[in-house]
Structures are given as C-alpha cells and as structure tokens.
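Note sheet for the following structure.
Derivation of every value follows stated rules applied to the coordinates shown; laboratory data play no part. On a predicted model such as this, the values are computed, not experimentally measured, just so you know. Positions of Cβ are generated from backbone atoms using ideal geometry, with glycine treated the same way; all protein chains shown enter the neighbour counts.
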Amino acid sequence: MTLLDEKPEIRKTGTTTLGMVCRDAVVLAAEKKSTLGYLIASKESEKILVVEDHVALTIAGASGDAQALAKYLKAELKLFAIQNQRKISVKGAASLLSNILQGGRWTYMPYMVQLIIAGYDENPAIYSLDAIGSVEEEKKFFSTGSGSPMALGVLEDGYKDGISAEEASKLAVRAIKAAIERDIGSGGKAIDVAVINKDGIKITRYDLEKTAR
C-alpha cells in the first residue's frame, strides 16, 4: 500500500457539552477533560468559547479544528459588526459557521467537529452543527460528544418549558455529571456553565469535588 492509498488517521476524542433554551436566556455547559486515545491530554480544557458579546459555542471533536473554527468565526463576526454597524443575529452567526464548515468539505478533510452555537439577540436561540455544515435550530435542548446519550437522558427527564436560567444551570450540571460518571471520555475536575441573556455572557465554574449530586 502506498501513502496515497492510506486513509488519514482520525483522532477520536471524548466530550460532553450541552445547550438549553430558557425563559430569558440560553445555558451552555461542558466538562473539562480532553483525551487522545487512552491518554488524558488535559483536565482543564476550555469547551465553551465566546465569539461575540452575545454569542458563544461549545466544541466537541478534534480540538485543533474546533479552536481554529472559533478564531475564524470570531474574526468574521467582528468584521460583520464593523461593516454593518450592528452585531450579527444568532441565526446569522449559525449560518456563517455553517458556510465555513461547508467550505471545508472541498479541502483534504472537513473539520472534525460537532458544535452548538447559542446566544441572545431579541430572543434566546440555540443551533447545532455537524462536521459538514448541517445546521438545526434546537427549540429546547441539545447535547454533543461521546457523553451526550447520558446527558440527553437527564435533560429529557428534567427539562420543562419556561425553565429559568437558574434551574437550567442546575439541570445542566446534573446532566454533565451523569455523563462523566458513565462516559470514559468525559471528566475533569469542574464543569463550566455559561448563561447568555440580554446583559451578556457569564461563565461559572462548578468544582465537582464541592458540588453535591
């Protein structure tokens, strides 16, 4: 077999992230563990990335791809604000990110990521995106990564329409903790929870050793 015949190796990484639509906000949450095969590469990974004053995204998949995408998107959103004298809508940011991912299909390899982009303009909004740019608006909640089946089970049980940001934050911590306890690829010492509302973005870190189940 020649080098041209070989398929590139794809590093699989474990993650659990989630997003929820609340009454007057959106809530994002993620654990902190990054893996490289059977190696724990980091226990302090940042998986919630702020790309605008009112927009953030969660990352799952290849860390390098996700970080490059976040930098690219952040620059494009700044350029949009300068050219149009206004901030982009959450839907517009999701569409732009989808276009970037679509463009990656025609290169050697697409971006190996699964993303949630969320924010608050006139209303809270959450969109999920896959590696080739498919975008879906999530009306209630969504989860990505290897621990998402466990997290989704908790969200299905605990989510209710009109949930407050405070209630959603507690539910998010419970969902991520459930994933950490059952998914070998999820872990770390803390859980990050971001609340995005009309006042901006606030990220709180919950220490797992101090947070009761």
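All alpha carbon pair distances within the range 83-190 were sorted into 5 Å bins beginning at 0; the resulting P(r) in whole percents reads 2, 11, 17, 18, 18, 17, 11, 4, 2, 0. Cross-link pairs exceeding 19 Å in C-alpha to C-alpha distance, out of LYS33/LYS189; LYS160/LYS198; LYS47/LYS202; LYS47/LYS91, comprise LYS160/LYS198; LYS47/LYS91. Scaling the Cα radius of gyration of the range 143-212 by the globular reference 2.2 N^0.38 Å produces a ratio of 1.11.
Convex hull volume of the Cα atoms in the range 90-151, per residue, in Å³?
Values: hull volume 4.3 nm³, N = 62.
Looking at the range 90-151, the number lands at 70 Å³ per residue.
Which order do the peptides 52-60, 187-195 come out in when sorted by mean C-beta neighbours inside 10 angstrom, highest first? Mind showing how you got there, number by number?
On the way: 52-60: 24.0, 187-195: 21.1.
The most tightly packed comes first, giving 52-60, 187-195.
Computed over the chain, the P(r) curve from all C-alpha pair distances, binned at 10 Å from the origin, holds 9, 36, 36, 15, 4, 1 percent per bin. Using equal-weight Cα scatterers in the Debye expression, the normalised intensity of the range 46-137 in log10 at q = 0.10, 0.15, 0.22 Å⁻¹ is -0.22, -0.50, -1.08.
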